[in-house]
1. Checking A:Val69 against (1) surrounded by fewer than 16 Cβ atoms within 10 Å (Cβ to Cβ); (2) at the interface with another protein chain (Cβ under 9 Å from one of its Cβ atoms), which single condition isn't satisfied?
2. Of these, A:Ala102, A:Ala49, which one is exposed (fewer than 15 other Cβ atoms within 10 Å of the Cβ), over 17 Å from the mean Cα position of the chain (by Cα), more than 19 Å from B:Ala30 (Cα to Cα) and facing chain B (nearest Cβ under 8 Å)?
3. Only one of these is free of Cβ contacts under 8 Å to residues at least 60 places away in the same chain, under 26 Å from B:Leu34 (Cβ atoms) and either out of contact with any Lys or Arg (no Cβ under 9 Å at 6 or more places or on another chain) or not aromatic (Phe, Trp, Tyr) (or both): A:Leu113, A:Leu16. Name it.
4. For region A:86-99, name all the residues that are exposed (fewer than 13 other Cβ atoms within 10 Å of the Cβ) and part of a helix (DSSP H, G or I).
5. Looking at region B:23-46, which of the residues that are hydrophobic (A, V, I, L, M, F, W, C) and at the interface with chain A (Cβ under 8 Å from one of its Cβ atoms) is farthest from A:Leu75 (Cα to Cα)?
6. Can you tell me which residue among A:Gly118, A:Gly128, A:Gly110 is under 25 Å from A:Ala68 (Cβ atoms) and surrounded by fewer than 13 Cβ atoms within 10 Å (Cβ to Cβ)?
7. Give the number of residues within region B:52-66 that are at the interface with another protein chain (Cβ under 8 Å from one of its Cβ atoms) and outside any helix (DSSP H, G or I).
8. So which residues in region B:59-70 are at pLDDT 95 or above and in contact with a Leu (Cβ under 8 Å, 6 or more places away or on another chain)?
Amino acid sequence: MAQSRMRSPLGRAIGLGSAKEGVGHWWMQRVTAIALVPLAVWFVISIIALAGADRIVFIEWVRHPVPAVLLVLLLVATFYHSALGLQVIIEDYVENESLRLALLVVMRLGSVLLAVLGIYAVLKLSLGA
Amino acid sequence: MISDPRPLSPHLQVYRWQLTSVLSILHRAAGLALSVGTLLLVWWLVAAAQGPDSYASVQAFLGSWIGRLLLFGWTVALFYHLCNGLRHLWWDSGRGFDLRNVYATGWAVVAATGVLTVIVWIAGISQWKH
């Protein structure tokens, strides 16, 4: 069995098996990265088309369902992906454990806050009066 | 404090710079820069939702030289992180690890970043004038 050969001697001796989350971070980084490839390309093209546009033109654009949905998806994928990346950077470079934990919490909460702010703004523009 | 005379392992700064390691750390730096850049994205959306005055102040900031400089930096970071990210996904498939390939895809990423940045800014500036 390939699975038993993959286990470390220590892991086999303890016999608890994995927590089933070993590749969770790595995997979601890839999934969000794949989502961001088309989303980022679409966003850049849209921004060029909107370059120099005033607020009315921008709102007209966000009122359409496709840009609104894609913007929300972009925000979700961007903040998910950046939170995973920032987590690794903090874990790699911040040696002091208290500071590291504090930064990780602030970074996570800040990512959620910014994502929700962005999504709320898009929905307000798209659905609001 | 150094009382233990055991030899130290070579420190980072004794190594010669090479494309592979430079691109590797740049991927992380670009990701960090893009994370900071998300603040602008959210500011822009929230300002648009708030009203004409808020939106005008974002537009004024983006039109200033520092705004333009930041936008330019973020387009470089975005295209670099995007292209090198595709390189990483290609590696994840288990391919492209031999030296010849690593250097070829590395230079391809550098070239693509430059070309895409130039194209986007030419398109953006010509659109802005309309």
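The values are calculated or read from the model by the stated rules, or taken from the named source; none is laboratory data. Quick caveat, the model's predicted, so the values are computed rather than measured. Cβ coordinates were reconstructed from backbone atoms using ideal geometry, including for glycine residues, and neighbour counts include every protein chain displayed.
1. Failed condition: (2).
2. Working: A:Ala102 fails: facing chain B (nearest Cβ under 8 Å).
The match here is A:Ala49.
3. Values: A:Leu16 fails: under 26 Å from B:Leu34 (Cβ atoms).
Going through A:Leu113, A:Leu16 in turn, the sole match is A:Leu113.
4. Step one: list which residues in region A:86-99 are exposed (fewer than 13 other Cβ atoms within 10 Å of the Cβ), which gives A:91-93, A:95-99.
Matches in region A:86-99: A:Glu91, A:Asp92, A:Tyr93, A:Glu97, A:Ser98, A:Leu99.
5. To start, the set of residues in region B:23-46 that are hydrophobic (A, V, I, L, M, F, W, C) comprises B:23, B:25-26, B:29-30, B:32-34, B:36, B:39-46.
Filter once more, so that each one left must be at the interface with chain A (Cβ under 8 Å from one of its Cβ atoms): B:32, B:34, B:39, B:41-42, B:45-46.
Working: B:Leu32: 16, B:Leu34: 13, B:Leu39: 11, B:Leu41: 9, B:Val42: 9, B:Leu45: 11, B:Val46: 13 Å.
Here the answer is B:Leu32.
6. Details: A:Gly118 fails: surrounded by fewer than 13 Cβ atoms within 10 Å (Cβ to Cβ); A:Gly110 fails: surrounded by fewer than 13 Cβ atoms within 10 Å (Cβ to Cβ).
Exactly one of A:Gly118, A:Gly128, A:Gly110 is under 25 Å from A:Ala68 (Cβ atoms) and surrounded by fewer than 13 Cβ atoms within 10 Å (Cβ to Cβ), namely A:Gly128.
7. 0
8. B:Leu70
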